[in-house]
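Participant: My questions will all concern the structure given below.
The values are calculated or read from the model by the stated rules, or taken from the named source; none is laboratory data. Small disclaimer: the values here were computed from a predicted structure and weren't measured. Every residue, glycine among them, receives a Cβ derived from its backbone with ideal geometry; neighbour counts consider all protein chains shown.
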Amino acid sequence: MAIDGRGHGGSIRCRAPAKVNLYLHVLNRRPDGYHDIDSLIVFADVFDEIEVSRANRLGLKLVGPFARQLEAVDRGANIVILAARALAESSGENEGVSLTLRKNLPVAAGLGGGSSDGAATLRALCKLWDLDVSESELQTIARRLGADVPACLVRSPVYVGGVGEIVSPAPALPDAWLLLVNPGVPLATAEVFRRHDPAWSVEARFQESPADAAAMTEVLSRRSNDLEDTAVRLAPQIAEVIGTLHALDGCLLSRMSGSGATCFGLFADGGAAKSAETEVAEAHPAWWVKAGRMLGPGTA
């Protein structure tokens, strides 16, 4: 993950991009109550932002359009704080640091925003503290923070297994754009999994790189998001979002991401995705709508 820049006074800024599940298969329910999954995860150029700087004590400031949704949560339980403490403990660094989280992504939205924030915090603090930490060590810390954090630490296309913590490289994917749409309905991941109908799927990974966005669409059309039907029962607005995306000019595939309620439309080019963003935002002003390029290796 590249560091995106330096702020004022020696601070470090790092982007935390939205995570998107191009497909998500639920394989079984484990004895501990969690579920094994198989999913292809990519990231979009739509992001939160973390800024870190040295301070006398550990503190967190929340800003941005979705900051208010996090204000009611105990600051000490915020994954950004947990990431800073975990890295400080692992490295022996003094945990005195000022953290600013610009929350641009909706909360409880199926975009892995919190996990991406945690991963970005680890990267930014490694730079601020000038730590010589291996990827293996960072991944170990990431797994302790949450199931999606290891994938978010990579920030390029990956397959995930287990509960999401087992990460392996995906084949090269073609250039594409994603239009992300959330109807303003938060969904708790645990509740969606709890209500999931136990009709288990199988692993569906592919190894050949699709030639273009149309070929990738054809591959993805033979896969699904197994949580989509359950999420629609909990939040019927999701079906409207998917239908709206499906009807857009240039949309190759429309599907829910993660446990919802954010859905995505897959586009071959940015012009069509940006035009669709304007169209949906004007027709549904209460929805959150953002278009972004799909990040590949080296573009993050």
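Participant: Can you report the number of residues in the stretch 261-272 which are part of a strand (DSSP E or B) and either among the β-branched types (Val, Ile, Thr) or more than 20 Å from the chain's Cα centre (by Cα) (or both)?
Facilitator: Looking only at that region, the number is 0.
Participant: Scan Leu145, Leu128, Leu179, Leu111 and give me the residue that is outside the structural domain of Glu95 (by TED's automatic domain parsing), crowded, with 16+ Cβ neighbours inside 10 Å and touching a residue at least 40 places away in the same chain (Cβ under 8 Å). Steps first, answer last, please.
Facilitator: Numbers: Leu145 fails: outside the structural domain of Glu95 (by TED's automatic domain parsing); Leu128 fails: outside the structural domain of Glu95 (by TED's automatic domain parsing); Leu111 fails: outside the structural domain of Glu95 (by TED's automatic domain parsing).
Selected residue: Leu179, the only one of Leu145, Leu128, Leu179, Leu111 that is outside the structural domain of Glu95 (by TED's automatic domain parsing), crowded, with 16+ Cβ neighbours inside 10 Å and touching a residue at least 40 places away in the same chain (Cβ under 8 Å).
Participant: Quick one: in the stretch 235-260, which of the residues that are in a helix (DSSP H, G or I) and not aliphatic (A, V, I, L, M) is nearest to Glu191 (Cα to Cα)?
Facilitator: Gln237
Participant: Another question, if that's okay. When you go through (1) outside the structural domain of Lys19 (by TED's automatic domain parsing); (2) among the β-branched types (Val, Ile, Thr); (3) touching a His at 6+ places or on another chain (Cβ under 8 Å) one by one for Val163, which number turns out not to apply?
Facilitator: All conditions pass for Val163, except number (1).
Participant: Considering every residue within the stretch 255-264, establish whether at least one is out of contact with any Lys or Arg (no Cβ under 8 Å at 6 or more places or on another chain), more than 24 Å from Ala204 (Cβ to Cβ) and surrounded by fewer than 24 Cβ atoms within 10 Å (Cβ to Cβ).
Facilitator: Within the stretch 255-264, none of the residues are out of contact with any Lys or Arg (no Cβ under 8 Å at 6 or more places or on another chain), more than 24 Å from Ala204 (Cβ to Cβ) and surrounded by fewer than 24 Cβ atoms within 10 Å (Cβ to Cβ).
Participant: Now a separate question. Test Ile79 against the stated conditions and say whether it is touching a residue at least 12 places away in the same chain (Cβ under 8 Å), within 24 Å of Gly292 (Cα to Cα) and surrounded by 20 or more Cβ atoms within 10 Å (Cβ to Cβ).
Facilitator: Spelling it out, it is not the case that Ile79 is touching a residue at least 12 places away in the same chain (Cβ under 8 Å), within 24 Å of Gly292 (Cα to Cα) and surrounded by 20 or more Cβ atoms within 10 Å (Cβ to Cβ).
Participant: Just to be sure, is Ser254 under 22 Å from Pro106 (Cβ atoms) and within 21 Å of the chain's Cα centre (by Cα)? Lay out the reasoning, then the answer.
Facilitator: Numbers: under 22 Å from Pro106 (Cβ atoms): yes; within 21 Å of the chain's Cα centre (by Cα): yes.
Against the criterion (under 22 Å from Pro106 (Cβ atoms) and within 21 Å of the chain's Cα centre (by Cα)), Ser254 qualifies.
Participant: Looking at the stretch 50-95 only, could you name the residues that are over 26 Å from Pro150 (Cβ atoms) and among the acidic types (Asp, Glu)?
Facilitator: Within the stretch 50-95, Glu71 is the sole residue that qualifies.
Participant: Given the structure, is Arg223 crowded, with 19+ Cβ neighbours inside 10 Å, out of contact with any Pro (no Cβ under 6 Å at 6 or more places or on another chain) and not assigned by TED's automatic domain parsing to the domain that holds Tyr159?
Facilitator: yes
Participant: Taking into account only those residues within the stretch 85-103 that are closer than 21 Å to Ser115 by Cβ and of a type in the set (D, E, K, R), which is surrounded by the fewest Cβ atoms within 10 Å (Cβ to Cβ)?
Facilitator: Only one residue tops the list, namely Glu89.
Participant: Kindly provide the set of residues from the stretch 203-228 that are closer than 14 Å to Leu252 by Cα, of a type in the set (A, V, I, L, M, F, W, C) and either part of a loop (DSSP other than H, G, I, E, B) or free of Cβ contacts under 8 Å to residues at least 40 places away in the same chain (or both), ordered by number.
Facilitator: Val219
Participant: Also, quick follow-up: Return only the number of the condition from (1) within 19 Å of Glu203 (Cβ to Cβ); (2) modelled with pLDDT of 95 or more; (3) surrounded by fewer than 20 Cβ atoms within 10 Å (Cβ to Cβ) that Asp38 does not satisfy.
Facilitator: Evaluating Asp38 over (1) within 19 Å of Glu203 (Cβ to Cβ); (2) modelled with pLDDT of 95 or more; (3) surrounded by fewer than 20 Cβ atoms within 10 Å (Cβ to Cβ) leaves (3) as the failure.
Participant: On to the next question. What are the pairs with Cβ atoms under 9 angstrom where one residue, in the stretch 10-23, is free of Cβ contacts under 8 Å to residues at least 40 places away in the same chain and on the phi > 0 side of the Ramachandran plot and the other, located anywhere, is assigned to a strand (DSSP E or B) and of a type in the set (D, E, K, R)? Sequence gap at least six, or different chains.
Facilitator: Once the first residue is free of Cβ contacts under 8 Å to residues at least 40 places away in the same chain and on the phi > 0 side of the Ramachandran plot and sits in the stretch 10-23, no partner that is assigned to a strand (DSSP E or B) and of a type in the set (D, E, K, R) comes close enough.
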